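Taking it in order: structure first as C-alpha cells, then the write-up.
The values are calculated or read from the model by the stated rules, or taken from the named source; none is laboratory data. Only a predicted model underlies this, so the values are computations on that prediction, with no experimental measurement involved. So basically every Cβ, Gly included, is an ideal-geometry build from the backbone, and we count neighbours across all protein chains shown. The protein model used for the area step is the full one, side chains on, heavy atoms only, and it has no ligands, DNA or RNA in it. Shrake-Rupley method; radii C 1.70, N 1.55, O 1.52, S 1.80 Å.
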Number of protein chains: 2
Amino acid sequence: MKLYFAGSIRGGRADAALYARLIAHLKTRHRVLTEHVGAPSAFPTVEKGMTDRDIWAQDMAWLRESDAVIAECSTPSLGVGYELAMAQTLGKPVFIFHNAARGPLSAMLTGDPYYRIFAYDSEEALLAALDAALERI
Amino acid sequence: MKLYFAGSIRGGRADAALYARLIAHLKTRHRVLTEHVGAPSAFPTVEKGMTDRDIWAQDMAWLRESDAVIAECSTPSLGVGYELAMAQTLGKPVFIFHNAARGPLSAMLTGDPYYRIFAYDSEEALLAALDAALERI
C-alpha cells in the first residue's frame, strides 16, 4: 500500500525520531510517500529549496495518491490537523496514534466518528496497534 | 455577522488571554459563536460536562452556521488545523492570524491559496488587520 504518514514539522520536532522509527517499520511492508517527516532536520522540505506552495501541492498530491493515512498526533500540529480533515474529505482511511501520557487529544478528532484512534502507553504497544490497523484496511 | 473564532484548547492555553481580548473586540460589532475558546480555564467545554462527541457536534454545527472563520494560529493545534480544512470544504471565508515571532506557520496553511493569512508583530497590528479583514467579507 501507499501510505501518507503525518507528523508535526513546524509544530515542533520533539517526536521526529519516533516518526523515523515508525516510517522504517512501515517501509518493511509498504511504501511511505512522506518519508521526509521522519528526517532528522527541523525543516526537511525547506532545506531542499521547496517553497511553501510547493510543499502544500506535493503533500496534497501524495494525500490524494495514498491508500491510507497514518498520523502520530502526540505533538500538536496545525498541518496534521489540516491533513486529517482533508483526508476525510477525500474518503481515505485514517488511523491516529497518540501517546496517552501527553494529555488529551483534540475533541475535534476524538469526537469525530470518522477516525480510528489508538492511545498508546509504550512504543511496543504503538507498533502492535499500527500492524493491527494496517491489516484491517 | 456570525463568526467562528478558532484557537488552541488542548494544544495549549498559552494564548487564551489573547483569544479573550480578540473575542471581546469582535463582539463589539459581531456575534462570536465559539466564545468559550477565550475562557480562562484549560478545558472550558469538558468543565461544562460535554463529551468529546458533544463538543465536536456543537463545533461543526457552529462552523456550518458561521459567516466567516477567524483563527489565531500562534499556538499549534490539531483541532484548529482540522477546523481550517473543514471551513474550506464548507466554503467559508477564512482569516488566519499568526505572531511572526513564534516561528513559521505550517506550510499546509501558508501554501494553500484558499486562506488569507496575516503575520503580526504587535497586538495593535493584529487588531487593525482583524478589522480590515472583516470589512472585506
(message) Going 7 Å from Cα along the Cα-Cβ axis for the label, what nanometre distances separate A:Phe118 from the same residue across the other copies?
(response) 4.3
(request) For chain B, set up a Gaussian network in which alpha carbons nearer than 10 Å are linked by springs, and say which option among B:Gly111, B:Gly12, B:Gly79 fluctuates the most. (result) B:Gly111
(request) Just grab the label-to-label distance for A:Lys27 and B:Ala125, each label 7 Å out from Cα along the Cβ direction, in nm (one decimal). (result) 4.1
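List the residue ranges in chain B for DSSP H helices whose C-alpha atoms run 30 angstrom or more along the long axis and whose Kyte-Doolittle average is 0.0 or above. Show your work: numbers first, answer last.
On the way: long enough: none.
Flagged H segments: there are none.
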(request) Select the chain B residue whose beta carbon lies nearest to the rotation axis carrying chain B onto chain A, and write the distance in whole Å. (result) B:Gly81, 1
(message) Taking amide H atoms as placed 1.01 Å from N in the peptide plane, list the residues 5 or more away in sequence, or in a different chain, whose amide H sits under 5 Å from that of B:Tyr120.
(response) B:His98, B:Asn99, B:Ala100
(request) Under 1.5 on a/c is rounded, so check that first for segment A:66-137, then, if it is not, pick prolate when a/b is larger than b/c and oblate when it is not; a ≥ b ≥ c are the square roots of the alpha carbon gyration tensor eigenvalues. (result) oblate
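Using a Förster distance of 22 angstrom, determine the FRET efficiency expected from the C-beta separation of B:Tyr114 and B:Ala61, and round it to 0.05.
0.50
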(request) Can you list the distances in nanometres, one decimal and ascending, from the A:Ala132 label point to the identical position in each other copy, with the point 7 Å along Cα to Cβ? (result) 5.3
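Carbon and sulfur together cover what percent of the accessible area of chain A at a 1.4 Å probe radius?
Working: 3040 of 5650 Å².
Looking at chain A in its full context, I get 54 percent from C and S.
Could you tally the net charge around A:Glu124, taking each other residue with its Cβ under 12 Å from the Cβ of A:Glu124, Lys/Arg +1 and Asp/Glu -1?
Values: positive: A:Arg21; negative: A:Asp121, A:Glu123, A:Asp131.
Net local charge, A:Glu124 excluded: -2.
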(request) Output the residues of segment A:92-129 meeting this criterion: accessible area (heavy atoms, 1.4 Å probe) in the chain alone minus accessible area with all protein chains in place is 10 Å² or greater. (result) A:Pro104, A:Leu105, A:Ser106, A:Ala107, A:Met108, A:Leu109, A:Thr110, A:Gly111, A:Asp112, A:Pro113
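Which of the trypsin sites (Lys or Arg not before Pro) across segment B:57-137 are loop residues per DSSP, with 16 or fewer other Cβ within 10 Å?
Details: sites: B:Arg64, B:Arg102, B:Arg116, B:Arg136; in loops: B:Arg136.
Taking segment B:57-137 and a limit of 16 other Cβ atoms within 10 Å, the loop trypsin sites (Lys or Arg not before Pro) found are B:Arg136.
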(request) Sum up the charges of everything whose Cβ sits under 13 Å from the Cβ of B:Gly111, counting Lys and Arg as +1 and Asp and Glu as -1, but leave B:Gly111 out. (result) -3
(message) Can you tell me which lysines have their Cα less than 19 Å from the Cα of B:Lys92? Leave out same-chain residues fewer than eight positions away.
(response) B:Lys2
(message) Given a 1.4 Å probe, show me the residues in segment A:25-72 buried by at least 10 Å² of accessible surface when comparing the whole protein assembly to the chain alone.
(response) A:Phe43, A:Asp52, A:Arg53, A:Ile55, A:Trp56, A:Asp59
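Taking the Cβ of A:Gln58 as the center, what net charge do the other residues with Cβ under 13 Å away carry, scoring Lys and Arg +1 and Asp and Glu -1?
Neighbourhood net charge equals -4.
Does chain A classify as rounded, prolate or oblate by the C-alpha gyration tensor (a ≥ b ≥ c root eigenvalues; a/c under 1.5 gives rounded; else a/b over b/c gives prolate, otherwise oblate)? Provide the component values of the computation, followed by the final result.
Numbers: a/c = 1.30, a/b = 1.24, b/c = 1.05.
In terms of gyration-tensor shape, rounded.
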(request) Tell me the distances, shortest first, between B:Ala101 and the same position across the other copies, using label points 7 Å along Cα→Cβ, in nm to one decimal. (result) 3.4
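Considering only protein heavy atoms, what per residue accessible area in square angstrom results for segment A:50-114 with a 1.4 angstrom probe? Show your work: numbers first, answer last.
On the way: 2040 Å² over 65 residues.
Accessible surface, normalised per residue, equals 31 Å².
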(message) What does the C-alpha gyration tensor say about the overall shape of segment A:43-103? Classify as rounded when a/c is under 1.5, otherwise prolate if a/b is larger than b/c, or oblate.
(response) oblate
(request) Specify the residue with the greatest mean-square fluctuation among A:Glu123, A:Glu83, A:Glu35, computed from a Gaussian network of chain A linking alpha-carbon atoms under 10 Å apart. (result) A:Glu123
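For the protein assembly as shown, what does the equivalent ellipsoid look like in terms of its semi-axes, each the square root of 5 times an eigenvalue of the Cα gyration tensor, given largest first in whole Å?
Numbers: eigenvalues 187, 84, 56 Å².
Computed over the protein assembly as shown, the values are 31, 21, 17 Å.
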(request) Ignoring ligands, DNA and RNA and using a 1.4 Å probe, state the total buried accessible area between B and A in Å², rounded to the nearest 100. (result) 2900
